[in-house]
Amino acid sequence: LIPNLWAEVEEAIKTLEKFREEIVPEVPAGRNPAKKLAMSLVNKVPFVYGPPSFEGVAYRFGTQLNENGKVPAASGAFPELFHNAVLGCEGPDEVLRPLCVLVIRDPGETVEIAKKVERFKALLEPRVGGMLEVKARGRGRLARMLSVLYVGDYVSTYLGLLYGRDPS
């Protein structure tokens, strides 16, 4: 158990070290996925949704947007949110246009979840102000989860700075 666990930890560390090279402040916005994501969230209210195993990750991403980005945000997990979120998007355009749905995609998600996510996106995209994706990186579950948390921390910090707020 311990050697397998350590291999997963090592892979997660390497994944984050490689990812860091793309999202640090020195990398210009045109090549920086965290900065691009933050710029896409300006003047939007983010709703962060993820697969069942990423429910906590989606929640943490949303709370980081609250704390560092200084914006209201919400989170949820598939498949539970299908019913509630889809029905919520039957609301008036003036309420829905400021919303930006941020979908966490996990290469390890099941085929059933992947199909539902695509259907969900197709239903909501015409109604909300934005539809974005964050793709988890790495092979192991730990690396995939941490990669989303990692980019979420950077996105939320960059968003706070874009609003002229102190993310700390």
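The values are calculated or read from the model by the stated rules, or taken from the named source; none is laboratory data. All of these numbers come straight from a predicted model, not from anything done at the bench. Glycine also receives a Cβ, built like all others from the backbone with ideal geometry; neighbour counts cover every protein chain displayed. Just so you know, the surface numbers come from the protein's heavy atoms only, side chains and all, with ligands and any DNA or RNA stripped out. Shrake-Rupley method; radii C 1.70, N 1.55, O 1.52, S 1.80 Å.
A few notes on this one:
- The set of residues in the stretch 76-97 that are open to solvent by less than 50 Å² (accessible area, probe 1.4 Å) and either within 17 Å of K44 (Cβ to Cβ) or at pLDDT 95 or above (or both) comprises G76, A85, G88, C89, G91, L96.
- From the list E26, E55, the lone residue that is surrounded by fewer than 14 Cβ atoms within 10 Å (Cβ to Cβ) and free of Cβ contacts under 8 Å to residues at least 24 places away in the same chain is E26.
- All told, G50 meets the bar of being open to solvent by less than 20 Å² (accessible area, probe 1.4 Å) and of a type outside the set (K, R).
- Sole exception among (1) closer than 27 Å to D153 by Cβ; (2) open to solvent by less than 60 Å² (accessible area, probe 1.4 Å) for K70, by number: (2)
- Residue within the stretch 119-136 that is in contact with a helix residue (DSSP H, G or I) (Cβ under 6 Å, 6 or more places away or on another chain), open to solvent by 60 Å² or more (accessible area, probe 1.4 Å) and more than 16 Å from K35 (Cβ to Cβ) present: yes
- Residue that is more than 23 Å from L161 (Cβ to Cβ) and of a type in the set (G, A, S), where the choices are G69, G108, G129: G108
- Considered as a group, the residues in the stretch 31-73 that are more than 10 Å from the chain's Cα centre (by Cα) and of a type in the set (S, T, Y) include one that is farthest from M131 (Cα to Cα), and that residue is S53.
- Count - residues of the stretch 98-118 that are more than 20 Å from F54 (Cα to Cα) and buried (at least 19 other Cβ atoms within 10 Å of the Cβ): 1
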